[in-house]
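Worksheet: one structure, shown below.
Just so you know, all these numbers are worked out from the coordinates, no wet-lab data involved. Nothing here was measured: the structure is a model prediction, and the numbers come from that model. We place every Cβ from the backbone using ideal geometry, glycine too, and count neighbours over all the protein chains shown.
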């Protein structure tokens, strides 16, 4: 005879099965239940991400950083013990102060003449080749001024150091005698034999009031929940949409410097570096040295790390909006390999009024239009439908229109990892593009209508495939855009 407790439990189970059958739930298979659980969990994760982003997330980030997990410290070096097929670089953009009396107009977007402002990109990093004993493994810093000439300084791997993963240690990375942190940069670069550079840079810069992409348990900055995937070939991070600059850098032509290291291919994008700043109102020069003053200028910081760059992408960034100081735009659209297939992934955002407006694959955003030509890049996106209308509120899906003028904009070939084997001039980048941006709230009200100056722009690879397959395009892979 069965124990009474078993009979009671069995009777209760029978009654629950009958009740489910009456409601039609008996048609649910165990696999369907699993799918339902996964969907519910994903929904909860996304909702939690938005709630964390809307509220004051500084306390949550402080707790996550204190765990010592690098996923929650995107500024720090992510490579760990990897010594093959790996790169990591920090992209620092510096723009001297815009004329406070200057206002942008639609006519400005067709005028790419020098406006007396200097823009620079300084990128420290590390590259490991496809073998432990690869001669191509090295640390580096490269500098480009106004997108007209790149200077590439190569260092031994032993000259690269960085902050540990401990949550109580502030981020820093050092390459040679140059040091970079969240609070500023100390630059000391002199061409050595084998360097593709002919200018020495020295100086100190300070950063204030940084605005990083928030990090939460379910949203790893620019990558969102996608950042947890282990097989990504390249991971992107926005470490500061906008911050204030102080200090200065000097440029001195080198005498008997390097100017080698594969510079033949890089020479295609090279020009005299002294001309790129000599006309700047924020620079002073003698016969040998140019001083670039960044007081009251604007800075931006991002990073990439992984095995290799994507095969194709469109990237743009500017935080030099004359009518809206502190506003920043970032867009990255790329082909992402997943299990042998390619999908058009994208992550983008507008930082405005200390509020983040994300437009990304993982946030449910879609493209209304995307066009790329030799003269122009046009992008129209609508943000995802999230509780409260998205991170920025507004009662609906925010929308952004972006028009980039590429005409008469100088470009330079930047070094990038190629085929896991070496760093070589491979990616064309502009630093003087102009971007007309219009940001709308969920009700169609205009929040921003301004022309971003000194924009970084990269259009690399077969971007026609991206244009044809971005989420929102008719005929695009709908599975990817669910």
Notebook entry, point to check: Given R₀ = 45 Å, FRET efficiency for residue 192-residue 307 by Cβ-Cβ distance, to 0.05?
Noted result: 0.95
Next item on the list: Take 228, 315 and order them by how many other Cβ atoms sit within 10 Å, fewest up front.
Entry: 228, 315
Next item on the list: Would you please give the FRET efficiency between residue 375 and residue 421, computed as 1/(1 + (r/R0)^6) with r the Cβ-Cβ distance and R0 = 35 Å, to the nearest 0.05?
Entry: 0.50
Check: Which residues in segment 316-349 have a backbone N closer than 18 Å to a point placed 7 Å from the Cα of residue 449 along the Cα-to-Cβ line?
Finding: 321-325
Margin query: Taking the number of other C-beta atoms within 10 Å as the exposure measure, put 164, 119 in order starting with the fewest.
Written below: 164, 119
Checklist line | Cβ-Cβ FRET estimate between residue 169 and residue 209, R0 fixed at 30 Å, reported to 0.05 | finding: 0.85
Next item on the list: Can you put 474, 62 in order of Cβ neighbours within 10 angstrom, beginning with the fewest?
Entry: 474, 62
Note to self: Using alpha carbons only, how many angstrom separate the centre of segment 324-373 from the centre of segment 209-255?
What the structure shows: 15
